[in-house]
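I have placed the structure first, in the form of structure tokens, so that the comments after it can refer back to it.
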Amino acid sequence: MEKYLLRNIDNPDSAHLVEYVKAGGYKALAKALEMKPADIIGEVKNSGLRGRGGAGFPTGMKWSFAAADPKRPKYLLCNADEGEPGTFKDRPLLEKNPHLLIEGMVISGYALGAEYGYIYLRGEYPAAKDILEGALRQAHEKGYLGDNVLGKGVAFHLSVHQGAGAYICGEETALIDSLEGKRGQPRIKPPFPVNEGYLSKPTVVNNVETFANIPYIIEIGADAYSKIGSAECPGPKLYSVSGHVKKPGVYELPMGVTLREIIYVHCGGIAGDRKLKAVIPGGISTPVLPADKIDCPMDFASMPKHGSMLGSGAVMVFDETVDLVKVCLRATKFFEHESCGKCTPCREGVGWMRSILERIVKGAGTGGDIELLLEVAKNIAGKTFCPLGDGAASVVQHFIKHFRNEFEEHIEKSKVGASA
Amino acid sequence: MITVTINGKKLLLEKPVTILDAAKRAGIHIPTLCHHEILEAFGGCRLCLVEIEKVPRLQTSCTMNVTDGMVVWTETEKVVEARKAMLEFLLINHALDCPYCDKAGECDLQDLSMKYGPAAGRFAEGKRKHPESYDDPIIVRNMERCISCTRCVRMCERVQGDSAISMVNRTSKTFVEPFSGGRYNCEYCGNCLTVCPVGAIMSRLHKHTYRPWYIEKEVNTVCSYCGVGCSLTAQVRGDSIVRVVPEMEKGLNKGLLCNRGRFGYDYVTSPQRLKTPLIRKEGELQQATWSEAFAFIAQKLKEIKEKEGGSAIAGIASARCTNEDNYVFQKFLRVVLGSNNIDSVAGFAFAPAQRFFENIFGQGVTANPLHGISRSDGIFITGADPTTVNPILGLQVRGASRKRVPVVTLGHMPGLVRFATQRLVPQPLTDTAVLAALVTELIKRRPLSGEKPAFEEIIGKIPPVSLKDAEERSGIPAGEIGGCAEILSGMTNPALIIGRDSVQSSRGQENLLLLAALTYLLNGRIYLLSELPNEQGLVDMGCLPDMLPGGRPLAVESFRKRYGEFFSTEIPAAPGLSLMESIEGAKAGKIKALYIMGENVAYNVPDTAFVKEALSSLEFIVVQDIFLNETARLAHVVLPTLAWSEKEGSYTNLERRLQHVRKAVEGARSSGSMEDWRIIAEISRMLGTEMKYSDAGDILAEIAKVSPLHKGITYGDMDAGEFLWPYKGEPLRHDVSIAGIEIPEAGSLLKKPEKEALYVGIERPLFHSATQSRSSSALNSILPEPYVRLSRALAQRMSIADGDSVAVSTSAGTVELPALLDPDMPEGMVLVANNFADRGVFRVMSWRMHAATKSPVLDGMEATLRKIDRKTAEVSG
Amino acid sequence: MLNEKLVAEINRLRSKYKDARSCLLPSLYVVQREEGWITPDAMTAVGELLNVPKATVKGVATFYSMYRHKPMGRHLIQLCTNVACMLMGAESLVDLLKEKYGLTPNGTSPDGRFSLVIMECIGACGTAPAMLVDTDFHDSLNDKNILEILESYQ
Ligand SMILES: Cc1cc2nc3c(=O)[nH]c(=O)nc-3n(C[C@H](O)[C@H](O)[C@H](O)COP(=O)(O)O)c2cc1C
Ligand code: SF4
Ligand code: FES
């Protein structure tokens, strides 16, 4: 497949406006400004684009809700918090192709009637901040941003807002609270951001990659776009692959490519040609899959049918040498560290799971520990305020579901150790 | 219409409410922890999860609204299991030190654990450690018990508007903390204590002194601190108040209190309380019996009355005494002693302001319910900071501001800095110019309604003041003043909140006229701030030199006659002397005897030295009080009386709401102290006038006959709920009386200080009010010392740091105080409070009385400031 | 207290937003850059500038893991140990830092040169393990190159 999102990636100056324009950039913007906003929204709807942030919500539908709300001003927020462990797909867009994001956001802003946009960039990407700000300056100078975009009387102002180390701020309502200078905790919904978001005004939050798809849709049209990849959720997709593969990295492939193809074809197979043990297909919050379950098409619609989720498309590959109980513990530590503290089950329960896992890994596990873990996970699952807690519970549940024997081995060993 | 079914019960609702509220209406209780009825929904504790048919996940009933056709189950196995799970989670990091915790017995978590279990948690690792914090004088913070429901923080941020505490950190390391990490340094409203469902935030005042089940009696009464008159419940064990709490449904304060109301009640048990009558013998006050004291007083008063006439006797009533006390007091002066010389501190500002506005707009114009403030579409405030003078009224303003109601403040109001849409902070002595400019601008923007042509004529004669001139005087940019006029002109029925400083000013008359004009132009509702609990009662009971009970002017013959006939006597027609005039009269020898009931004039009236000198030249002074205060020390006879919590009666608050004050404890009664009215009745009897009252109810019954306004009232009326103006009585009806209104000259509106100088004004600290608070050890533990508030810029220029000792000197005297730096103050002002044992502002105020309002004039007092270098002071001393 | 230059910088940032409070996180970054950590005085001053109560500022500042609440060493090492980095040996790097510099997580080396903070995923999983030193990104770390890299920070 021809690359679109990463087409310029090998050019060392790809972040520069001149290079971007040379490669055909900002043409879509010019085209979009000739269209009616409602038609752009219609195009995005017809394209079948689903948000690339993890939840896979249809972008066009989200936009039409915001467009229908008469309140003004409207805000456009880019979710560049990329906090899901294993995920590093937005980073090349931010660092190497910032103008694609900017172009996507200007088009979106015009379509939605939003005059102000912010890119909520995770604090862990300081380099991206400088690159983005440089790109914004260039775009402003050349009239792609500002009070009168391309002389068409459309205003759009865009700036970067840096997060400060909180995974939960990737959740869109927490992101909005954080942008408002608050503790980034999720809000009660409804009202939804499309009606009452930033400063209580209609707000659209989309992922970096989602915005990066917009110029493409405008360029080739919804019809052509919807023919890329899976029928149910089409388009190009960035997969970030890490762990024990020969060639880890970010891959632009059509939606619906199988996990096996990603690992064995694009990434060259398992490092050292060892055996594959397990894969987390969509970032750490998505259910782990054992080696024999990797023939699944990687898109939002198919993955649930195969026992997991597409999430952010972050594929983490574990070879046969990996102690998955340790992985499970490390993942749980992550959720404990990132629990915003708002709701009881996540705040208290995830730490509890961590302490049980810790004693299992340390060799102090006891017979009832696996059941207790499952019990705690069950008491968290479905009862938390936001999906973070669910994610934490699901990690424990799925590691035990597929690799219970490894947990048992640890406990068995500790029994032996104790009696010796 | 919405139909919901909860646990099989069908419910019809007009509009969507939360599932929790709907269940409540159906009589179904869903357990909650983070939810609180006066706070916004949070949805964090997850205890209120319920099952909804066709919805896969359990949902929190506190956050989700019902929809038509919804079928909800609140006690299914799944729900109960979830509830148990949440409780087990909560207990992971909860101290479980219930036997030692003051909250035991009224702890939501304890109760819920009792009900749902589990008996023992399965969490095996160590709990979070967090030593109990005793860094604060009032609040003990125990974060091992905190369940992160955030109720206290939401209360502090969203309702109180203080934002003194916050949740810090995240994850299970989250806890509540004030900025310093130790001391709260907050407004000490204690409203966080009301909402904490566990023992994480507890009052230090009664730590380990009681168990909830020790409380023997709960008495619903009214706070004795300020003119708002919050409802509160005194919880009593034996003969002492264990704790004061508010109730969610009761009173105008609906569950909220301020620091004084909640913690300040302990002045009544101060060891300094007077216990026996005292009589001056050989220059010293010495213990005496009641009969000695009565006989002595009766004899002296009789002598003076016979020799000099009733007009040589003056009485000072009390804004802290009940209506019943004050009614009997004025009757004593008028009927028994034949004197109209009766006044109180209400005569300084509250009464003259009310009279001025009533002359124009009619009686009752200030009788506006408090909740109208947060429901209005705009607020204008001047003359004092409502958040410190009348804190619960102040919360109404903050609440309005949170709802984006525009709030314009004129004058420095520290408690509203973050809440005002526009703050106008003029240089000293120039607020009149700003007011005049606002009126001038509004006349241009808002047409006159034609409703009161006589007043409109007067408004038309007010000399216009340009924005430019106002800017030149006040130092506030013309654009800002104009902007405020613009904001004001958009209001349709705003609240106008007026404090004492507008009246106690050399331009008090001008200010009142301008404020009346503003009220008229904006169709506003007036709220008069009132520092004391019963200033309105003083007015309504006739404790004024020219006013009879029911707000009936003495000057009107028919009123005078009716009142006189009631007691078969003739009331002198000439108005009596005001409080300040009486003191001047004492100095001049015109007044021979002063009878003071519960007022500390030697401290509470400007120019302490002058007042003391005047009092010392009197032939006879009687003081009734609960303390041997500065005035009592100068008296010839001192009589110990009962305090607020020890007697029955009523107060009238600033909304003119009549409220029942109820006896909670016997207190000083057991050592022989009496109600103020009882003492007076006894002396009257000895002077030949029977006052047959066996209890306060008898007095109220008489008031109900004498005062047309209070026709037929009973305590039952007050207890039944909102007893608001005009009760069941007859308000005075009259036409706009404009005869007395003087049209100011442009010069007086534009007055500004002749030379650039520093001026001293009054600070009203939140933690003290008048002087009774200085006997509260609780309030003293929060703020033990007076201070001088000065602008940060001025302090920087003089190298004064926070807490440095500073001498404030005027022609009247000098006080030494620690400095408190304020970034928002105008530079030309320093403020000193008058609520402490010594070093009060009235020691540095000179004796000036406004000729028309009879108010003390407190503006324009020049001062100098000197930083005191402790080291050199020590060396030289 | 904030000097005039910082106040001006914060006011400039503030102009990007419709309300003052939105500028809180950026302002905290400014003071952290200047002082190395978020001092109580800085929280007070920023709060005053943006009209946010200081306790609220503290609540916000302590929520985010990238704000420091005590003085740091001259250079801050933010090392990721999340799953991808763990798989590629991040844990042994933590041991190495302890051995070489006496650094423990959330601690500062005795010579005041480095402080170490363990990070959750920093988005370098494909080139794990990775770290940030101050604001510089370094990835594909191993026992050897990490020391070489750190030697350039004095
Ligand atoms: C705990 C949590 C973390 C999230 N983190 C991110 C993130 O880092 N980046 C992101 O784009 N979306 C993230 N999301 C999803 C967002 O809430 C939101 O769905 C997304 O920004 C919408 O954009 P999209 O429709 O373009 O995907 C997260 C959601 C949750 C619940
Ligand atoms: S599940 Fe609860 S505590 Fe966890 S991040 Fe979401 S809201 Fe916060
Ligand atoms: S009461 Fe509903 S979540 Fe706490």
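The values are calculated or read from the model by the stated rules, or taken from the named source; none is laboratory data. What you see is a predicted model, and the numbers here were worked out from it, not measured in a lab. We place every Cβ from the backbone using ideal geometry, glycine too, and count neighbours over all the protein chains shown. Ligands, DNA and RNA are excluded from the accessible area calculation, which covers all protein heavy atoms including side chains. Shrake-Rupley method; radii C 1.70, N 1.55, O 1.52, S 1.80 Å.
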Near the amide H of B:Val242, under 5 Å away, which other amide H atoms are found, from residues 5 or more places off or on another chain, if H is placed in the peptide plane? B:Gln235, B:Val236, B:Arg237
Could you order the peptides A:231-244, A:179-192 from most to least packed, using the average number of other C-beta atoms within 10 Å per residue? A:231-244, A:179-192
Under the 7 Å Cα-to-Cβ spin-label approximation, B:Thr569 and A:Lys189 lie apart by a distance in nanometres of 7.7
Averaged over A:381-387, how many beta carbons belonging to a partner chain fall within 10 Å of each residue's beta carbon? 4
Segment A:25-121, accessible surface, carbon-and-sulfur percent (1.4 angstrom probe): 57
Tell me the angle of helix A:387-419 to the major Cα principal axis of chain A, expressed in degrees between 0 and 90 and rounded to the nearest ten. 20
Measuring with a 1.4 Å probe in the full set of protein chains, what accessible area per residue, in whole Å², belongs to the protein assembly as shown? 36
Want the number for B:Lys250 to B:Leu448: 0.36 nm per residue separation, take away the alpha-carbon distance, what's left? 67.2 nm
Using R₀ = 45 Å, calculate the FRET efficiency as 1/(1 + (r/R₀)^6) where r is the Cβ-Cβ separation of B:Leu96 and A:Lys305; round to 0.05. 0.45
Rule-of-thumb check for segment B:755-876: C-alpha Rg over 2.2 N^0.38 Å? 1.09
Per-residue HN-Hα couplings for segment A:81-94 [Karplus 6.51, -1.76, 1.60; θ = phi - 60°; Hz; x = Gly/Pro]: 8, 4, x, 5, x, x, 9, 8, 7, 6, 4, x, 5, 5
When the dipole is taken about the Cα centre of chain A, and only Lys, Arg (+1) and Asp, Glu (-1) are charged at their Cβ, what size is it in debye, to the nearest 20? 360
Amide H neighbours of B:Val806 at under 5 Å, excluding residues fewer than 5 places away on the same chain, with H built from the backbone geometry, are B:Leu817, B:Ala819, B:Ile868
Shielding of A:162-175 by partners, i.e. mean partner chain Cβ atoms within 10 Å per residue? 3
Given Cβ point charges of +1 (Lys, Arg) and -1 (Asp, Glu) and nothing else, what value in debye, to the nearest 20, does the dipole of segment C:15-105 about its Cα centre take? 180
Spatially proximal lysines relative to B:Lys592 (Cα-Cα < 18 Å; intrachain offsets below 8 disregarded): B:Lys300, B:Lys302, B:Lys305, B:Lys307, B:Lys612
For segment B:284-441: rounded, prolate or oblate by the Cα gyration tensor [a/c cutoff 1.5]: prolate
Among A:Ala364, A:Val325, A:Val350, which residue has its Cα positioned farthest towards the positive end of the charge dipole of segment A:324-419, with +1 placed on the Cβ of Lys and Arg, -1 on the Cβ of Asp and Glu, and the dipole taken about the Cα centre? A:Val350
17 Å Cα-Cα reach of C:Lys5 towards lysines, excluding residues that sit fewer than 8 places from it in its own chain: none
Could you give each residue of segment B:337-342 its phi-based ³J(HN,Hα) in whole Hz, using Karplus coefficients 6.51, -1.76, 1.60 with θ = phi - 60°, and x for Gly or Pro? 9, x, 10, 9, 6, 9
Which value in Å is the Kirkwood Rh of segment A:17-226 over different Cα pairs? 16.7
Could you check the simple spin-label distance between A:Glu19 and C:Ser92, using points 7 Å along Cα→Cβ, in nm with one decimal? 3.5
Limiting things to C-alpha atoms, what are the Rg and the maximum Cα-Cα separation (Dmax) for segment A:119-191, in angstroms? 15.0, 41
Relative pair counts by distance (%), Cα atoms of the protein assembly as shown, 20 Å bins: 9, 32, 32, 19, 8, 1, 0
Show me the ranking of peptides B:841-848, A:348-355, C:41-48 by mean Cβ neighbours inside 10 Å, starting with the highest. A:348-355, B:841-848, C:41-48
Distance between Cα centroids, segment B:78-98 to segment B:414-447: provide it in whole Å. 54
Positive minus negative residues near B:Ile713 (Lys, Arg vs Asp, Glu; Cβ under 14 Å): -3
Phi to ³J(HN,Hα) by Karplus 6.51 cos²θ - 1.76 cosθ + 1.60 over segment A:362-368, Hz, x for Gly, Pro: 6, x, 10, x, 10, x, x
Ordering B:Arg797, B:Arg764, B:Arg657 by how much accessible area each has at a 1.4 Å probe, largest first, what is the list? B:Arg797, B:Arg764, B:Arg657
Which of the aspartates and glutamates could be linked to B:Lys692 by a straight reach, that is with a Cα gap under 19 Å, when you skip same-chain ones fewer than 8 residues away? B:Glu324, B:Asp325, B:Glu565, B:Glu648, B:Glu675, B:Asp676, B:Glu682, B:Glu702
Given segment C:75-151, report the % of alpha carbon pairs whose separation exceeds 21 Å. 13
Under 1.5 on a/c is rounded, so check that first for chain B, then, if it is not, pick prolate when a/b is larger than b/c and oblate when it is not; a ≥ b ≥ c are the square roots of the alpha carbon gyration tensor eigenvalues. prolate
Local electrostatic count, B:Ile342, Cβ distance below 11 Å [Lys/Arg +1, Asp/Glu -1]: 0
Relative contact order (percent, whole number), segment B:314-417, Cα cutoff 8 Å, 6+ residue spacing: 21
Most fluctuating residue of A:Leu158, A:Leu372, A:Leu94 in a GNM of chain A with Cα springs under 10 Å: which is it? A:Leu372
Stokes-Einstein diffusion coefficient for segment B:1-51 at 10 °C in a medium of 1.306 mPa s, Rh from the Kirkwood formula over Cα pairs: what value in µm²/s? 135
Determine the share of chain B's accessible area contributed by carbon and sulfur atoms, expressed in whole percent, with a 1.4 angstrom probe. 51
Could you pull out every residue, at least 5 positions away or on a different chain, whose amide H is within less than 5 Å of the one on A:Ile228? Hs are placed 1.01 Å off N in the peptide plane, and Pro or chain starts have none. A:Gly235
For the pair B and A, the solvent-accessible area buried on both sides (1.4 Å probe; DNA, RNA and ligands excluded), in Å² to the nearest hundred, is 2700
Scattering profile of segment B:353-528 at q = 0.17 Å⁻¹ [log10 I(q)/I(0), Debye over alpha-carbon scatterers]: -1.04
If you average the sequence gap of Cα pairs under 8 Å that are 6 or more apart and divide by the length of chain B, what percent do you get for the contact order? 13
Among the listed pairs A:Lys189/B:Lys9; B:Lys127/B:Lys173; A:Lys96/A:Lys277; A:Lys89/C:Lys58; A:Lys62/A:Lys237; B:Lys452/B:Lys854, those beyond 22 Å (Cα-Cα): A:Lys189/B:Lys9; A:Lys96/A:Lys277; A:Lys89/C:Lys58; B:Lys452/B:Lys854
Using the Cα atoms of segment A:236-319 to build a convex hull, what is its mean projected area in square nanometres? 4.3
Can you give the Rg/Rh ratio of segment C:1-90, where Rg is from the C-alpha atoms and Rh is the Kirkwood radius? 1.07
Could you work out the relative contact order of segment B:755-876, using alpha carbon pairs under 8 angstrom and six or more residues apart, expressed as a whole percent? 35
How large is the accessible surface of B:Cys484 in square angstrom, using a 1.4 angstrom probe and rounding to the nearest 10? 0
Number of partner chain Cβ atoms within 10 Å, mean per residue of A:198-205: 1
